[in-house]
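Just so you know, all these numbers are worked out from the coordinates, no wet-lab data involved. What you see is a predicted model; the values in this text were computed from it and never measured. Ideal geometry is used to build each Cβ from the backbone, glycine not excepted, and the neighbour counts take in all protein chains shown.
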Amino acid sequence: MKYNFDQVIDRNGTDAVKLDGLKELWGRTDLIPLWVADMDFATAPFILDAIKKRCENPIMGYTSKPDSYFQSIINWVKMRYELDVEKEMIQFVPGIVPGIGMAMNALTEKGDKVLVQPPVYHPFMWVTERNDRTLILNPLKWENGMYRMDMDAFRELIKGCKLFILCNPHNPGGVVWKEEELREIAEICDKEGVLVFSDEIHADLTLPPHRHRPFATISEKARMNSITFMSPSKAFNMPGMTASHALIFNPALRQRFRKFMEACELDLGHAFAFLSVEAAYSHGTEWLDQCLAYIQGNIDYVDAFLKEHAPKIKVVRPQASYLIWLDCREMEMSQEALNKFFVDKAHLALNDGAMFGLVGTGFMRLNVASPRCVIEKAMSQLAEAYENL
Ligand SMILES: Cc1ncc(COP(=O)(O)O)c(C=O)c1O
């Protein structure tokens with residue numbers, strides 16, 4: 001491999017949420033942090049080079065968005081997903097969740113119903129409720145060791161909603177939705193007049209042989225009735241850059257969203273935002289291929305290890321991204337006891353499955369985007385705790 005994902009990098013002193021949150025959440029710092037969804041690998045070197053180069057000029061003034069930034073997004077989505085985008089359809093947003101929150105404010109009203117499908121990335125629920133919208137839950141169905149959408153329930157619950165937030169691919173669980181599923185929800189949402197936000201932040205981390213399908217490529221109706229949120233932040237490990245984009249194909253939606261953004265100048269970005277996105281998308285293919293192969297290796301390792309040493313903890317193999325959903329229901333513990341087991345016995349900081357919605361009870365989310373030796377140490381701590389149960 002050209003790039004080194006085995007290198008252990010000390011993140012102390014960088015105000016990393018993954019480390020700083022340990023004391024706050026679990027009251028102790030002796031835990032291996034495998035929770036917050038960023039990677040412990042170095043951000044791709046061509047991104048760091050672009051940032052360093054910019055620092056050679058000592059003036060951090062107001063920064064415009066160069067054409068090359070837009071072009072890099074256009075090229076990337078065309079190359080990877082056959083998605084045709086024009087410059088005017090690209091709207092910078094300072095992060096995906098901020099973008100979803102802003103678009104929700106721009107395009108829906110207080111009290112409006114918003115549907116999400118738990119277990120799901122919890123800020124979807126926070127952003128809905130904190131913006132005084134009404135949360136409607138359509139839990140995913142657990143079938144043959146994986147999730148699928150409950151279409152019958154979806155068809156009923158979506159009635160009267162103004163917005164559906166699709167997680168595509170889905171976190172947690174790492175589900176790459178099938179074309180038929182996306183087509184069905186696209187048709188239902190179009191028929192019911194429900195707008196779709198498709199959060200595709202994990203798309204670039206889709207693990208071969210699975211293939212990501214952008215919601216907007218499903219049909220012309222889906223394209224005109226949705227906003228797609230994308231970013232290189234997960235795939236190239238640069239979430240601290242808060243540089244994401246909304247792809248808005250429908251001119252009327254675009255105009256309403258832009259008016260909202262411009263009213264408070266919410267799309268200014270910062271000196272490093274556009275050049276880091278451009279560097280990722282212009283030079284990222286080889287790095288990403290190797291990173292995905294490394295992640296796949298970590299998933300294989302955890303899967304094989306747990307089968308042998310902790311068979312009641314089942315690995316739900318992600319089809320996308322580096323977050324493994326661990327099915328711990330056979331351990332027959334309450335969620336509180338399960339959390340205590342991971343923290344106090346195994347000394348690991350994972351995400352509590354129930355935080356993604358009550359259907360996540362009995363599960364834990366494990367981030368394996370760390371050097372193999374860290375994952376090996378984590379697994380050996382887990383096996384020891386499991387043996388002592
Ligand atoms: C599905 C999903 N959307 C959004 C985010 C966060 O994006 P941002 O930091 O750009 O708001 C995450 C982070 O884990 C995520 O999993």
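What to note about this one:
- For segment 162-309, the Cβ-based charge dipole about the Cα centre amounts to some 500 debye (Lys, Arg positive; Asp, Glu negative; other atoms uncharged).
- Segment 114-179 and segment 1-71 have Cα centres lying 30 Å from one another.
- Amide H to amide H distances under 5 Å link Tyr121 with Asn171, where only residues 5 or more positions off or on other chains count and H is placed in the peptide plane.
- For peptides 307-316, 162-171, sequence by mean Cβ density within 10 Å, most packed first: 162-171, 307-316
- Peptides 195-201, 267-273 ranked from most to least packed, by the mean per-residue count of other Cβ atoms within 10 Å: 195-201, 267-273.
- Here the Gaussian network model covers the chain, with springs between Cα atoms less than 10 Å apart; of Met355, Met79, Met238, Met79 fluctuates the most.
- Placing +1 on the Cβ of every Lys and Arg and -1 on the Cβ of every Asp and Glu, with no other charges, gives the chain a dipole of roughly 460 debye about its Cα centre.
- Highest-fluctuation residue, Phe260, Phe92, Phe356 considered, GNM on the chain with Cα pairs under 10 Å: Phe260
- Spin-label model, Glu286/Glu56: points 7 Å from Cα along the beta carbon direction are separated by 2.1 nm.
- Plainly put, segment 240-389 has a radius of gyration that is 1.11 times its Kirkwood radius, both from alpha-carbon atoms, as the Rg/Rh ratio.
- When the C-alpha to C-alpha distance is required to be over 31 Å, the pairs from Lys18/Lys162; Lys18/Lys191; Lys23/Lys110; Lys78/Lys221; Lys234/Lys340 that qualify are Lys18/Lys162; Lys18/Lys191; Lys23/Lys110.
- Principal axis box of segment 116-200, alpha-carbon based, largest edge first, Å: 36, 27, 21
- Share antiparallel - DSSP beta bridges, the chain, percent rounded to 5: 55
- Sites Ala252 and Asp303, calculated FRET efficiency, Cβ-Cβ separation with R0 41 Å, nearest 0.05: 0.30
- Compactness of segment 321-388, taken as the C-alpha radius of gyration over 2.2 N^0.38 Å, stands at 1.07.
- Each pair of Cα atoms in the chain enters the Kirkwood radius, and Stokes-Einstein at 37 °C and 0.692 mPa s then converts it into a translational diffusion coefficient of 152 µm²/s.
- Label point distance in nm, Leu135-Thr63, each placed 7 Å from Cα along Cα→Cβ: 3.4
- Listing Ser370, Ser231 from fewest to most neighbouring C-beta atoms within 10 Å gives Ser370, Ser231.
- Modelled this way, with points 7 Å down the Cα-to-C-beta line, the labels at Glu387 and Glu220 are 6.5 nm from one another.
- When the helices of the chain are scored as -39500 (n - 2.57) per DSSP H run of n ≥ 4 and the total is divided over every residue, the value at 222 nm lands at -12000 deg cm²/dmol.
- Report note on the peptides 239-248, 182-191: ranked by the mean count of other C-beta atoms within 10 Å, highest first, their order is 239-248, 182-191.
- Taken over segment 59-282, the convex hull of the Cα atoms encloses 120 Å³ per residue.
- Amide N proximity, segment 362-389 versus Arg329 label position 7 Å along Cα-to-Cβ, cut-off under 16 Å: 362-365
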